[in-house]
Structure formats: C-alpha cells, structure tokens
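Worksheet for the structure shown next.
Rule-based calculations on the coordinates, nothing more; no lab input. Worth saying up front: this structure is predicted, and the values here are computed from it rather than measured. Cβ placement follows ideal geometry from the backbone for every residue including glycine, while neighbour counts extend to all protein chains displayed.
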C-alpha cells in the first residue's frame, strides 16, 4: 500500500511508478510459482518446475563460482609476456597457446596429416553430430545422471582424456626437446633421450615390407570390424528404433576415440611408432 504522498510522487515520476509496478508484479509471480502445485510430466515420471527461479538460480550460482575460480587462478598464477621475438633464437620448447597444446602433443603419437587435419575435423564433426545421433529423450529438459550414464561417461572420457589431460601434459610435463619431465625434475635443455621406436608389425616378428603392410591393415580393419560387430550385437534390440546409420556412426566415432587413446598408450609404454605402414600413409 502506498500513502497519498508516495502516490503523488509516483504521479510526478511515471517511470518510477512503472518500475515499482513491474517489481511488485515480479514478486507476486515468483510467489505464485513457488506456491503452485508441482505438475507431473507425462512420460518422464518427474515434476515440472519453472525455469525461473529454480533453473536460472542454479545456473547463476554455477557461473558465479566459475568466475571466482578463474579470477583466483589468474591472480595466483602469473602469465607474463615473453621478450620480443628473436629470429636468431628459437625457444626450447616452442609451444602453441595452451588451448592448442593438446593437438600439439598429439603430433608425438601421429603424423601431421592426422594430428593436424584429421583429428580436429573428427572432433568438430563428432560434436556437430551429437544432436542427430543421440535421439534418447531421457535428460531433455531436466538433469539426470542415472538415466544417461553411458552418454555422460563417454563424453567425459573424451573431453577429460583426449583434451584436458593432453593440455595438462603439454603445459606442465613437456620440457626442452619436447621431452617428458616429471613435476619435480629440472628442465635440462641438454637432456637426450634415446628412443628405439619400432612399428607394431616388427614388434610381432614381421620383417618384410609387404607382410608388415598386410599385418597392420589386418589389425586396423579387425579392430573396427570386431568393435562394430560387438556393439551391434549388444544393441540389436535398439536397431529398429535408432536406425542403422546412427548406430554405425556412433560406434565408429567411439572406436576412433578409443583407438587414439590406445595409440598414445602404445607410444608411451612400448615405443610403438606406427601400427599400419603403407606406401601412401602411416598410422
């Protein structure tokens, strides 16, 4: 309720009057939304909640915490500018910006045509295809973990292992000569690591060039063929509802992602340089 004096002042300032009415109506709408009974959503078995204030409030808090964390990070860790570029002095190691260090580190395990062209294209295309390949209605419009465990774990694995972990490795563990250094080790620019890299066919005793090419091709083709067959067998009941093309693209993208991880493990653990050697390309 407003007194006569307040009413007179609001008449003198119509903009203030409209603003006060807007705020009062907003408070009334929020109170009505909070007091309104929760409606069941058909097919979901849950409750229907208003976006405002429930969802917006949570998103605002998450954004606020993220901004605080980034602010503290930027204050604690210095990021000084380096000296002007000197054409006679090449920095060692020469690193890309931190957000590209993952792709730069992939160059250790793959040839440039794959690490610099194929891998980025697969990442972009794979992310673009997610809305078309994932037709599961569960999780649309509400948060859930128990109903989408597989999708959440697959995406989290790809993001954390193939992106964040490689960036962390490139920033903190790659030193002079792009050698691996533990956090407690000194970055010795004169360190020389003798790596005896071998191809996978050679590790299995295949010495001839044609035999190595056939062996590597059989491993790659067999990996995709067996993985695809197992997936289709496990998800055979969903073939009609999901569709053959969607299932095929999903499993191929997943196998490519896991294949990159397997190749990184082979390189770091066993010094395997190539799995498939051909006259035209090497993988």
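Odds and ends about this structure:
- The stretch 74-110 and the stretch 145-175 have their alpha-carbon centroids 21 Å apart.
- Extension gain for residue 271-residue 92 works out to 62.1 nm (0.36 nm per residue, less the C-alpha to C-alpha distance).
- Zone residues, the stretch 244-275, relative to residue 232, backbone N less than 14 Å from point 7 Å out along Cα-to-Cβ: 244-252
- Global form of the stretch 212-283, assessed from the alpha-carbon gyration tensor, a/c cut-off 1.5: prolate
- Remark: spin-label model distance residue 218-residue 239 equals 2.8 nm, labels positioned 7 Å along the Cα→Cβ axis.
- Mean Cβ count within 10 Å, highest first, over the residues of peptides 237-247, 168-178, 116-126: 168-178, 116-126, 237-247
- Theoretical FRET efficiency, 1/(1+(r/R0)^6), r = Cβ-Cβ of residue 152 and residue 71, R0 30 Å, to 0.05: 0.60
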